[in-house]
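This report refers to the structure that appears directly beneath it.
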Amino acid sequence: MYFKKNKLFIEKVEGLKIVKKFGTPTYCYSRSKLKNNIKNFQKNFRSINPLICFSVKSNSNLEILKQIKRSGIGADVVSKGEMLQALKAGIPPKKIVFSGVGKKSEELKFAIEKKILLINAESESEIFEIERLAKLKKTNVNIGIRLNPNIDAKTLKKISTGKHEDKFGLTEKAFLNILKNFKKSNFVKVKCLSVHIGSQITDCKPYEKMINVLDRIIKKSNHLYDYVDLGGGMGIQYEKKTKLFNYKRYNSIITKFLKKHKVKIIFEPGRSIIANSAVLFSQIIYIKNTSKKKFIILDAAMNDLMRPALYGSFHNILPLIKSNKKNKKIHDFVGPVCETTDKFLSVKEFSNLKEKEYVAISDVGAYGMSLSSNYNLRPKASEIMIENKSSKVILKRQKLNNIV
Ligand SMILES: *Cc1c(COP(=O)(O)O)cnc(C)c1O
């Protein structure tokens with residue numbers, strides 16, 4: 001995404017042409033950005049040759065998953081729906097891992113039938129259920145056990161998952177107990193130690209601490225693991241002031257770890273692969289001036305992009321046509337939904353805007369469309385893929401008569 005003569009472009013297509021052709025609100029992805037992100041992720045960890053499983057909950061669009069498949073990486077899924085979507089995209093079962101604290105019996109059964117690589121279990125009850133199902137099917141099932149390493153990921157509180165107060169994974173003590181109990185099971189094979197401490201992590205230190213905990217647990221477990229699943233969570237630069245995640249450092253920490261433990265590393269990145277490959281185009285419905293502020297009322301709302309309302313997260317907003325004049329007044333970019341939290345951004349000044357003009361909300365590829373809803377009975381946005389000079393619909397705008 002870049003400006004040429006004050007006009008916003010995605011690859012070689014002008015933003016204004018996209019909104020005129022496809023309407024708004026519309027999620028718009030760049031295929032080359034997505035491909036580059038995957039390539040860079042692979043390059044950053046080339047020396048450790050990990051299995052990369054894209055976190056489907058960050059974006060479950062079929063066309064995106066087909067690109068994931070073409071790029072040779074796998075999938076991390078958290079429901080039967082996501083598993084079906086990953087399989088539909090052609091991702092091989094042996095590259096699929098299944099995570100989540102509350103997998104229902106039917107979902108586990110499906111995963112066992114499909115012979116996916118690993119079910120990452122998060123409680124003893126879940127492992128008993130997997131064992132019961134495996135026994136019924138007279139088969140054995142490869143599982144990972146998710147450890148809660150009690151580490152503060154130093155990210156937004158609402159997307160932290162690796163502290164004891166969070167619902168995820170098992171404490172060290174419970175982990176070791178369960179491992180002992182299932183060691184001799186004929187039906188459940190513990191192949192993997194897994195963790196995932198949170199999301200939008202920009203500092204390497206929490207990962208370093210996490211690796212130290214893993215090192216200790218492996219030594220205590222007296223067990224041979226085939227895999228160590230390190231989860232995802234690597235942060236991106238939503239704001240210029242955010243420092244870039246130090247992949248080199250993380251890679252060297254893992255390299256050191258692998259000298260002690262002969263395992264295959266699994267990653268489950270979502271955000272770092274897809275977040276910055278998309279914008280959300282939106283039209284300005286009205287501009288309401290008050291003595292203190294300008295409310296820029298958009299046709300996109302919290303039902304389309306929930307992150308600011310849900311986590312208080314930051315997304316930059318850009319005009320499709322930059323004006324040379326700046327308007328020095330507080331601008332609140334809000335949606336039409338009847339909630340005070342239906343607000344995307346507040347800035348002190350902005351390029352001059354008029355009603356009916358358009359803006360682009362940045363870095364919305366992860367947890368954007370996948371978190372959208374029909375709140376206020378609003379139809380879901382469409383999704384567009386840009387590739388060089390071409391643009392195509394990869395998800396049609398929902399029709400009102402499908403929800404009314
Ligand atoms: C959400 C999630 C991920 C992906 O996290 P990102 O921050 O998007 O990389 C990976 N693993 C598990 C278990 C998750 O719940």
Practice task
Give 69/183; 104/180; 114/135 a once-over and call out the pairs whose C-alpha atoms are over 22 Å from each other.
Solution key: 69/183; 104/180
Handout entry: Inter-part distance where segment 64-119 and segment 236-276 are each reduced to a Cα centre, Å
Key = 22
Completion exercise
Among 145, 182, 55, the residue whose Cα sits farthest towards the positive end of the charge dipole of segment 31-272, when +1 is placed on the Cβ of each Lys and Arg and -1 on the Cβ of each Asp and Glu, is 55
Completion exercise
Among 30, 194, 373, the residue with the largest mean-square fluctuation in a Gaussian network model of the chain built from Cα contacts under 10 Å is 373
Problem - Surrounding net charge for residue 65, when Lys and Arg each add one and Asp and Glu each subtract one, Cβ distance under 11 Å - result: +2
Practice task
Run the dipole for segment 31-272 about the Cα centre, Lys and Arg Cβ at +1, Asp and Glu Cβ at -1, nothing else charged, and hand back the magnitude in debye, nearest 20.
Solution key: 820
Problem - Residue-count net charge about residue 362 - beta-carbon cut-off 13 Å; Lys, Arg +1, Asp, Glu -1 - result: +1
Problem - Degrees between helix 31-44 axis and first principal axis of the chain (Cα, 0 to 90, nearest 10) - result: 40
Practice task
With springs connecting C-alpha atoms under 10 Å apart, model the chain as a Gaussian network and identify which of 280, 117, 147 has the largest mean-square fluctuation.
Solution key: 117
Problem - Set of lysines with alpha-carbon distance to residue 396 below 19 Å, sequence-local pairs under 8 removed - result: 17, 20, 21, 66, 88, 380
Practice task
Report the relative contact order of the chain, percent, no decimals, based on alpha-carbon pairs under 8 angstrom and at least 6 residues apart.
Solution key: 20
Exercise for the section: Evaluate E = 1/(1 + (r/R0)^6) for residue 152 and residue 393, where r is the Cβ-Cβ distance and R0 equals 56 Å; express this FRET efficiency to the nearest 0.05. Expected result: 0.85
Practice task
Please sort 218-229, 46-57 by packing, taking for each peptide the average over its residues of neighbouring beta carbons within 10 angstrom, highest first.
Solution key: 46-57, 218-229
Exercise for the section: Calculate how many DSSP beta bridges within the chain are antiparallel, expressed in % of all such bridges and rounded to the nearest 5. Expected result: 50
Exercise for the section: Express in nm, to one decimal, how much length is gained between residue 181 and residue 352 on full extension, taking 0.36 nm for each residue of separation and deducting their alpha carbon distance. Expected result: 55.0 nm
Problem - For residue 289, net neighbour charge (Lys/Arg +1, Asp/Glu -1) across residues whose Cβ lies under 13 Å away - result: +4
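Quick note: the coordinates plus some simple rules give every number you see, no bench work behind them. Note that the structure is a prediction, hence the values are computed from the model and not measured. Because the Cβ atoms are built from the backbone with ideal geometry, glycine has one as well, and the counts that use them run over all protein chains shown.
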